[in-house]
Every structure is written in structure tokens, then in C-alpha cells.
Amino acid sequence: MARFDPNNSTPTALITGASRGLGQVLAAGLAARGWNLILDARGAEDLTRVAIDLAQSVQVEAVPGDVTDPEHRRALARAAAALGGLDALVNNAGVLGPSPQPGLVEYPLEELQRVLLVNTVAPLGVVQALAPHLKNGARVVNITSDAAQEAYAGWGGYGASKAALQQWSAVLAAEHPQWKVYAVDPGDMRTQMHQEAFPGEDIGDRPLPEASVPGLVELLEGGRPSGRYAVRELGKAA
């Protein structure tokens with residue numbers, strides 16, 4: 001696959017929620033392809049470990065913090081400016097909500113507010129903070145879920161947060177044609193969050209998050225138009 005930048009300069013990506021799961025393996029995949037990285041997560045110790053592991057061959061900046069915090073978002077913007085701007089922004093950080101997942105009639109509204117804040121509002125806050133540093137042609141990737149499309153009992157809070165994320169992703173693409181904006185469904189994955197959604201169940205049959213990386217790389221380095229993508233299918237076609 002051709003590298004994203006036609007002039008072969010080193011591209012830079014910012015990935016939120018990069019200390020574990022999909023964010024961590026995507027960071028590793030991009031580092032292996034020569035991308036410089038700005039990595040965010042709430043857990044400073046785990047994030048630093050990931051950054052040290054990946055900094056052998058590329059430049060990696062770890063910026064621990066909470067994406068719901070405006071000052072942290074400003075710190076991410078400063079890091080992006082220091083590296084000369086961004087070719088990609090991946091909004092991967094998110095929360096499931098209560099575990100086990102309650103039905104909507106029983107859903108604590110304060111918990112719903114938190115899920116919407118983290119999964120819907122904070123990613124837009126990240127885009128707003130990073131907008132001055134997104135290059136022409138930059139990719140904005142918002143991680144969504146099939147729960148945004150399908151009516152799964154017990155997934156009303158999480159699904160609503162991702163449906164709203166998808167809608168503002170589509171509007172952002174219409175308002176900013178100089179970027180490519182993707183709402184990305186990574187598919188079921190064997191991650192800590194997915195385990196929390198099914199407490200006490202064996203989720204060993206789910207694919208590891210690495211299975212979603214080829215499709216994400218296709219979006220980040222290819223030329224597909226803005227829109228919603230199930231990246232597991234892209235990975236099969238790549």
C-alpha cells in the first residue's frame with residue numbers, strides 16, 4: 001500500500017485511548033509503518049510503557065490525561081503543534097457505562113450523562129482543540145459500534161452515544177471537505193471493555209483488536225471518501 005503522504009514525509013497521528021486495546025495495537029501498527037505518534041490515555045503508567053516500547057523507531061509523545069478535561073485537550077493541541085501538525089486524529093477513547101448493561105428504564109441518568117460526555121461530547125472537543133493543527137487531507141477517525149445502528153437490548157446508553165457520534169461525524173465531513181472524516185465500526189473485539197459488557201462470560205471467540213488494524217490503516221493511508229466503514233471488511237479486501 002502506498003504511504004499516506006505523497007511526498008514521503010513522515011506522517012503524524014494522534015490516538016486517544018492508546019494505552020490498551022484497539023488504540024494500543026493501532027499505535028503499534030502505525031509505528032511499524034513509520035508514523036510519528038502522539039498518544040493519549042488516562043493511565044499515565046501504562047501509556048508511558050506503550051510509548052517507550054514504540055519509540056525505538058519513530059517519535060512518540062505520551063500525553064496522559066482525560067479527554068473530557070479542556071486543559072488536557074489544550075495539551076494535546078500543544079503537542080500537535082510541536083510536531084508540525086497532524087495527518088490523522090483517531091478518537092478511540094470511550095467508556096461502556098454500567099456493567100452489566102441496564103435497560104433504558106433502569107438506566108441511571110447520571111451515568112448516561114457520563115457516557116455521552118466521554119463518547120460523544122469529548123471527541124468533538126478534541127476535534128475543536130486540534131482543528132488548527134489538522135493538515136489539508138487529514139483523516140479524522142471516530143470509533144463507533146454496530147450498537148449505533150442496531151437496537152440491542154441493554155445497549156441503549158452506549159448505542160445512543162455512538163449514534164450521536166456518527167451523526168456529528170457526517171456533519172463534520174460536510175462542513176470540512178478538506179478533511180476525510182470516518183465513523184469506524186471495528187467489530188466485536190476481545191478487549192477489556194467488551195468483557196465488561198458481558199461480565200462472567202467467555203469472550204475468547206471474539207477476534208483480538210489486531211484484526212481491525214488493517215482496515216484502519218487502509219482508511220488512514222488510502223483515499224476512501226468520508227463516511228461510515230466496518231473496518232473488518234476493509235481489512236479482508238486490502
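If R0 equals 45 Å, the separation of the Cβ atoms of residue 106 and residue 71 corresponds to a calculated FRET efficiency of about 0.85.
Placing unit charges on each Cβ (+1 for Lys and Arg, -1 for Asp and Glu) gives the chain a dipole about its Cα centre, and among 168, 67, 77 the Cα reaching farthest toward its positive end belongs to 77. Just checking the listed ones, 211, 80, 44: in the Gaussian network model of the chain with Cα springs under 10 Å, the one fluctuating most is 44. The magnitude of the dipole of segment 55-165, with charges of +1 and -1 set on the Cβ of Lys/Arg and Asp/Glu and taken from the Cα centre, is near 420 debye. Annotation: for a label point projected 7 angstrom from Cα along Cα→Cβ of residue 176, residues of segment 41-82 with backbone N closer than 19 Å are 67-82. Each part reduced to its alpha carbon centroid, segment 75-140 and segment 4-67 end up 16 Å apart.
In plain terms, the residue of 162, 135 with the fewest other Cβ atoms within 10 Å comes first and the most crowded comes last, giving 135, 162. Under a model in which nothing but the beta-carbon of Lys, Arg (+1) and Asp, Glu (-1) is charged, the chain shows a dipole of about 760 debye around its Cα centre. Projecting the Cα atoms of 122, 58, 211 onto the charge dipole of the chain, computed from C-beta unit charges around the Cα centre, puts 58 farthest toward the positive end.
With a cut-off of 8 Å between alpha carbons and a minimum separation of six or more residues, what is the relative contact order of segment 1-118 in percent?
Values: 167 pairs, mean separation 32.0, N = 118.
With pairs under 8 Å counted, the relative contact order is 27 percent.
Less than 5 angstrom separates the built amide H of residue 61 from those of 37, 38, 39, all sequence-distant by 5 or more or on a different chain. For the chain, the longest principal axis of the Cα atoms and the long axis of helix 156-175 meet at an angle of about 30 degrees.
Based on Cα atoms of segment 1-115, Rg over Rh with Rh as the Kirkwood radius reads 1.06.
Legend: ranking of residues 74, 228 from fewest to most surrounding C-beta atoms inside 10 Å; resulting order 74, 228.
So between residue 82 and residue 163, what do we pick up on full extension, going 0.36 nm a residue minus the alpha carbon distance? Provide the component values of the computation, followed by the final result.
Values: separation 81, 0.36 × 81 = 29.16 nm, distance 3.34 nm.
The span from residue 82 to residue 163 would gain 25.8 nm if fully extended.
Under a 10 Å cutoff between Cα atoms, tell me which one of 71, 45, 106 has the largest fluctuation in the Gaussian network model of the chain. In the Gaussian network model the winner is 106.
Express in nm, to one decimal, how much length is gained between residue 124 and residue 53 on full extension, taking 0.36 nm for each residue of separation and deducting their alpha carbon distance. Provide the component values of the computation, followed by the final result.
Working: separation 71, 0.36 × 71 = 25.56 nm, distance 2.93 nm.
Here the answer is 22.6 nm.
Shape index of segment 12-237: Rg/Rh, with Rg the Cα radius of gyration and Rh the Kirkwood radius from the inverse mean 1/r over Cα pairs, equals 0.94.
Readers should treat all values here as calculations from the given coordinates under stated rules, not as data from a laboratory. Remember, predicted model here, so these are calculated numbers, not experimental data. Cβ: placed from backbone, ideal geometry, glycine included. Neighbour counts: every protein chain shown.
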